[in-house]
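Please read the structure below before turning to the comments.
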Amino acid sequence: MIRIILFILCFGFAIPTMAQDKPDYQSFGSWPVLHDGRIKTMESFARYVFYKISGETTLNDTSAIEWLTNTTFDPASTISKPFIKINKQTILDLPDRGGKYYSMNDVMVALQPHQELIANLELADPSKLSSSQLELLNVYVAASIYNQIIQSFSAVLPLQGQDDLSYLDGGGVSAQRDLIAEGGRENILLKFIPTDNPSMPMISLWQAVNSDLQTPIISDLENMAVAWNEGDYVTWNDQSNEIGNAVQIENTSSTKLDLEHIYVTAQPMIWVMALYLMSAVILFVKPQWIMGQYIALAGFIIHAIALGARSYILSRPPTGTLYETLLFGAFIIMMVGLGVIYKRRYQTLFLGVCAVASTCLLFISRGFIEGDSLNVLVAVLNTNFWLSTHVTCIIFGYSFCVLASLTAHIYLLKPQDNFRKLMMILAICALLFTSVGTLLGGIWADQSWGRFWGWDPKENGALLIVLWLIWVLHGRLSGHFKLRGFATALALTNIMVALTWFGVNLLGVGLHSYGFISGIAYGLGGFIIAQITVVVGLYFYNWKNVP
């Protein structure tokens, strides 16, 4: 780590002159990059890396792509700024910065005494490490990623000295050149230069340099570095466009990349969430005003386009990750709400509730974005037809469960005949989709793992919902539940869904290891307590009006 300090501070790169224009971050962000098993845009790559380092995609008015651009073309400009997030300081001796963000300089100095401990921790079982040890490893990983980014373009950056030549042009003294070459020897994170090798379609700049790959992209990149050093952003932008066009031509996924760049920069789900929330407010305050329905429809159309874009970009249904299931669940809820309002114009309250539910799911989904939300699935999740149908059917079931539960809440608060009918219809739909989805999951499990049922926590959770719905519906049909008891039990279905959708993932055991999450236990517990409190309160609220 200390060599990085020498690399930047003792030798350093040439100091940029005053800017003549602004850099076109959008152009640079549209470059294709091979990362995490797929070709993505530089913007998506920047968001992933910056999130790993800072836990954010924008920090202190600095976007991920701005940070990446400045760090690659002028490393000295960012290493003294606080971008690395550190939650605990039980091991590292860090200066008091008045917050949880520290600079690369601070972190490199603090990590230096712990190199031996870090090497041992990397070999240990993560489940047996303490929270402070895990935090130390996380900081080390963040600093390692930062280091890779710092040295990504070091071969072409102008160096201080005679004529400010780059490493490739023979610039720098012997010790400086040795230090740069050593840093580039294993620099493989940022892969953007195309090759003819199908197994490795893109490589990093240093891989190209070390393999003597002849490509005009290297000289164009060197021109970009010189332009950046001179503050000539007009030339820098022109060279960025030229490299982007050259790489896009060699890339067969240019249409997908263009669409991904638009999707990532436009952030459509934020707009969808805002439209749903706006429609909910209008539908509750002025239910007779049809504008609320039109705004909900506009949000739904954008929602559908966004999900279609995700499917096209990733070449799979948009239900492969926990984040995507929340997006899809919100879509289904609004689809049902709009379908009901189309058939029964007076059901504005139900559409408003659907808008609120969809908004909540989309808001919750924001917590599961780790920089880049367009993720490649693990092998077991990217297999066959049965997985897609299983997950899609299950999310339909979860969504109908949520709708049935919320309708029951409304009925307990404001008993109306139309909500009584909706409760039963939605509960039956929920049972149908969760039951079929669970069976399809068994077929997929048999093909993927060689057994139909293994009492996995996720499987048990799905079965729990099915049994709960059977009990509630049977109780109503058999007369054991009066309307109020039926509505109360149905209202509690949200708890079963929450435990299955999120709760079992906290256990960290079972074959559904791809879905493990952490840090939501308190939120989940708070939701369960709040739900029980609200439902019990509603149960007694209309004691005389609900039979």
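The values are calculated or read from the model by the stated rules, or taken from the named source; none is laboratory data. Please read these numbers as outputs of a predicted model, since none were measured by experiment. Cβ: placed from backbone, ideal geometry, glycine included. Neighbour counts: every protein chain shown.
Structural remarks
- Residue 152 part of a loop (DSSP other than H, G, I, E, B) and either modelled with pLDDT of 90 or more or in contact with a helix residue (DSSP H, G or I) (Cβ under 7 Å, 6 or more places away or on another chain) (or both): yes
- Residue check for residue 298: surrounded by 14 or more Cβ atoms within 10 Å (Cβ to Cβ), at pLDDT 95 or above and closer than 15 Å to residue 267 by Cα: no
- Residues of the stretch 279-307 that turn out to be over 17 Å from the mean Cα position of the chain (by Cα), assigned to a helix (DSSP H, G or I) and not hydrophobic (A, V, I, L, M, F, W, C), as a count: 5
- Test: residue 313 is in a helix (DSSP H, G or I) and under 17 Å from the mean Cα position of the chain (by Cα): yes
- Members of the stretch 423-460 found to be surrounded by fewer than 22 Cβ atoms within 10 Å (Cβ to Cβ), in a helix (DSSP H, G or I) and not hydrophobic (A, V, I, L, M, F, W, C), listed by number: 435, 438, 442, 446, 447, 448, 457, 458, 459, 460
- Test result for residue 293, of a type in the set (S, T, N, Q) and outside the structural domain of residue 153 (by TED's automatic domain parsing): yes
- Residue 30 being small (Gly, Ala, Ser), touching a His at 6+ places or on another chain (Cβ under 8 Å) and under 29 Å from residue 247 (Cα atoms): yes
- Scanning the stretch 176-191 finds one or more residues that are over 20 Å from residue 79 (Cβ atoms), under 34 Å from the mean Cα position of the chain (by Cα), surrounded by 15 or more Cβ atoms within 10 Å (Cβ to Cβ) and in contact (Cβ under 8 Å) with a residue 60 or more places away in the chain.
- Identity of the residue in the stretch 352-388, among the hydroxyl-bearing types (Ser, Thr, Tyr) and closer than 26 Å to residue 265 by Cβ, that ends up modelled with the lowest pLDDT: 373
- Residues of the stretch 157-171 classified as in contact (Cβ under 8 Å) with a residue 60 or more places away in the chain and either over 22 Å from residue 228 (Cα atoms) or surrounded by fewer than 20 Cβ atoms within 10 Å (Cβ to Cβ) (or both), total: 2
- Tally, over the stretch 179-222, of residues that are over 20 Å from residue 46 (Cα atoms) and among the basic types (Lys, Arg): 1
- Candidate set: the stretch 489-522, residues that are loosely packed, with under 13 Cβ neighbours inside 10 Å and over 23 Å from residue 454 (Cβ atoms); chosen: the one modelled with the lowest pLDDT: 518
- Residue 456 over 18 Å from residue 396 (Cα atoms), modelled with pLDDT of 75 or more and under 28 Å from the mean Cα position of the chain (by Cα): yes
- Test for residue 239: is it among the polar types (S, T, N, Q), over 26 Å from the mean Cα position of the chain (by Cα) and not in a helix (DSSP H, G or I): no
- Within the stretch 61-76, considering residues that are free of Cβ contacts under 8 Å to residues at least 24 places away in the same chain and assigned to a helix (DSSP H, G or I), the one farthest from the chain's Cα centre (by Cα): 70
- Filtering the stretch 260-288 to residues that are aromatic (Phe, Trp, Tyr) and under 17 Å from residue 354 (Cβ atoms) leaves 276, 284.
- Number of the exception - residue 245 against (1) assigned to a helix (DSSP H, G or I); (2) more than 18 Å from residue 30 (Cβ to Cβ); (3) modelled with pLDDT under 90: (2)
- Criterion: touching a His at 6+ places or on another chain (Cβ under 9 Å) and either closer than 28 Å to residue 21 by Cβ or of a type in the set (Asp, Glu) (or both) - qualifying residue of 257, 205, 190: 190
- One residue alone among 326, 338 is over 17 Å from residue 401 (Cβ atoms), of a type in the set (A, V, I, L, M, F, W, C) and part of a helix (DSSP H, G or I), and that residue is 338.
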